1. Taking segment 17-35, which residues are open to solvent by less than 60 Å² (accessible area, probe 1.4 Å) and either of a type in the set (Val, Ile, Thr) or at positive phi (or both)?
2. For Ser74, only one of the following conditions fails: (1) polar (S, T, N, Q); (2) at pLDDT below 95; (3) open to solvent by less than 50 Å² (accessible area, probe 1.4 Å). What is its number?
3. Return only the number of the condition from (1) within 16 Å of the chain's Cα centre (by Cα); (2) in a helix (DSSP H, G or I) that Ala55 does not satisfy.
4. Hey, could you check segment 36-52 for residues that are open to solvent by 90 Å² or more (accessible area, probe 1.4 Å) and under 12 Å from the mean Cα position of the chain (by Cα) and say which is farthest from Leu83 (Cα to Cα)?
5. Given Lys27, Lys71, which one is among the basic types (Lys, Arg) and over 18 Å from Gly91 (Cβ atoms)?
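The values are calculated or read from the model by the stated rules, or taken from the named source; none is laboratory data. Predicted model, so just to flag it, every value in this text is computed and none were measured. Every residue, glycine among them, receives a Cβ derived from its backbone with ideal geometry; neighbour counts consider all protein chains shown. Accessible surface is based on the protein model in full, side chains and every heavy atom, while ligands, DNA and RNA are left aside. Shrake-Rupley method; radii C 1.70, N 1.55, O 1.52, S 1.80 Å.
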Amino acid sequence: LPEALPYDELADCAASAASTEDAVELKEMCAAINRFLSMLSPVERQVFLARYWFAAPVAEISEKFGFTQSKVKSQLMRTRNKLRKYLEVEGLC
């Protein structure tokens, strides 16, 4: 059997108020976002994750990648728009 994930181990301690339907929808959303991220260029993906997974400030991202802050903001906006359209096609938005 595969090893349980850390948050699965805590399930008995912190029961969720979410319904099974909510859990399924969340799982579908996560899978769709992962598919979307895999379609991005490596730099687009890294910038997106830096901002929205690691909560890095735009200034930090621009310094790390050698972009202007304006370019980072524009790229993030374009990527968010692509994600929105992708999720609409997937029926999740």
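1. Ile33
2. It is condition (2) that Ser74 fails.
3. Here Ala55 meets the rest and fails (2).
4. Filtering first and then ranking leaves Gln46.
5. Answer to the selection: Lys71.
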